[in-house]
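Everything below concerns the one structure shown next.
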Amino acid sequence: MRCKILLLNATIILFLINCDNPSNRYAVRGTIRSLDLNTNKVVIAHDTIADLMPPMVMPFFVPGGELNQVKVGDSVLFEFVWNDSLPFAHKFSVVGRGYMPEDDDFFDDEYSEKSIGDVIDDVTLLTIDSINYNLSQSDGKYRFISYIFPRCPMPNMCPAVIMKNNVLANNFSESNLIEFLLISFDYIHDTPSVLKRNYSSIIEQNKNVIILSSTGRTEDIYSIVRQTGANFWGVEEEKIGHTMRSVLIDPNRKLLASWPGDDWNVNHAENAIKLVIK
């Protein structure tokens, strides 16, 4: 292990890098969304970082003057160094010069799927105490959102998602920067009282978990589910079908990351959350 000293804006930042541990270093590809030369930070929409996290739009700290070599819209390769003190990106190479096209939302509506970096619309659901809960009322915090269907007969689907969220919530129990939202899309059966009877113990164990009912909020539940890339159907016919997805949104409801299906890795999700809330 050896030290590296960087002089940035007349401030000396001293940190340790374990240069002999390849598991701390990751090759990453992505597209630059924005950059700030004053703070040495760049926002990149990156591909999957193998064994670490899914595709996300997130800021990276870049020591030195490498950001002078890139511009918004560039497709880049770089190395990401993960450590406990100050994760950073460096060794940038531009593999394609580009630009950020303007969004064409002519055909978008409240049910259109949002892309990474887009803002999720505000919706109103119900807490287990039958109190209106606006998604915007938790603005200022990161939110990890998953959808549940308590009557789901498949133990490796909804119950597994609940357990994974429970683990994450417990791991971030000391942080006041993130909340975990479990939202039921069964707007007929899963009333607040039903959810309270089934899941009140989870909330008692983890104060950062919020369980929400969509009873009487049909348009709101369709809006948030579709915008985050999930889907469900057949609630009124009692033949419910659905797809699974969990998402991470930032304090302004910007979509940062998405985990499709139910087999996402808890450790990878934890890594992604840790990095963005540092």
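Just name the residue that is modelled with the lowest pLDDT out of those in segment 74-111 that are among the hydroxyl-bearing types (Ser, Thr, Tyr) and out of contact with any Leu (no Cβ under 8 Å at 6 or more places or on another chain).
Only one residue fits best here, namely TYR99.
Between residues in segment 164-186 that are closer than 15 Å to LEU248 by Cα and residues that are modelled with pLDDT of 95 or more and among the basic types (Lys, Arg), which pairs lie under 7 Å by C-beta distance while being six or more apart or on different chains?
Note: pairs meeting the criteria are LEU177/LYS141; ILE178/LYS141; ILE178/ARG143; GLU179/LYS141; GLU179/ARG143; LEU181/ARG143.
Restricting the search to segment 20-50, which residues are of a type in the set (A, V, I, L, M, F, W, C), at pLDDT 90 or above, over 14 Å from PHE80 (Cα atoms) and part of a strand (DSSP E or B)?
Scanning segment 20-50 gives a single hit, ILE32.
Out of contact with any Pro (no Cβ under 7 Å at 6 or more places or on another chain), in a loop (DSSP other than H, G, I, E, B) and open to solvent by 40 Å² or more (accessible area, probe 1.4 Å), is that true of ASN166? Reasoning before the result, please.
On the way: out of contact with any Pro (no Cβ under 7 Å at 6 or more places or on another chain): yes; in a loop (DSSP other than H, G, I, E, B): no; open to solvent by 40 Å² or more (accessible area, probe 1.4 Å): yes.
It is false that ASN166 is out of contact with any Pro (no Cβ under 7 Å at 6 or more places or on another chain), in a loop (DSSP other than H, G, I, E, B) and open to solvent by 40 Å² or more (accessible area, probe 1.4 Å).
Quick check, is LEU181 modelled with pLDDT of 95 or more, out of contact with any Lys or Arg (no Cβ under 9 Å at 6 or more places or on another chain) and surrounded by 20 or more Cβ atoms within 10 Å (Cβ to Cβ)?
Answer is no for this residue.
Every residue in segment 184-206 that is of a type in the set (Ser, Thr, Tyr) and loosely packed, with under 14 Cβ neighbours inside 10 Å, please.
SER193, SER200, SER201
So LYS254 fits all but one of (1) open to solvent by less than 60 Å² (accessible area, probe 1.4 Å); (2) under 14 Å from the mean Cα position of the chain (by Cα); what number is the exception?
For LYS254, the failing item is (1).
Taking ASN24 and the conditions (1) under 14 Å from the mean Cα position of the chain (by Cα); (2) surrounded by fewer than 17 Cβ atoms within 10 Å (Cβ to Cβ), which numbered condition does it fall short on, given that it satisfies the others?
(1)
Could you check how many residues of segment 132-163 are at pLDDT 95 or above, surrounded by fewer than 17 Cβ atoms within 10 Å (Cβ to Cβ) and at negative phi?
Here the count works out to 6.
The values are calculated or read from the model by the stated rules, or taken from the named source; none is laboratory data. Keep in mind it's a predicted model, so treat the numbers as computed, not measured. Heads up, the Cβs are rebuilt from the backbone with ideal geometry, glycines too, and the neighbour counts pull from every protein chain shown. For accessibility, only protein heavy atoms count, side chains too; no ligands or nucleic acids. Shrake-Rupley method; radii C 1.70, N 1.55, O 1.52, S 1.80 Å.
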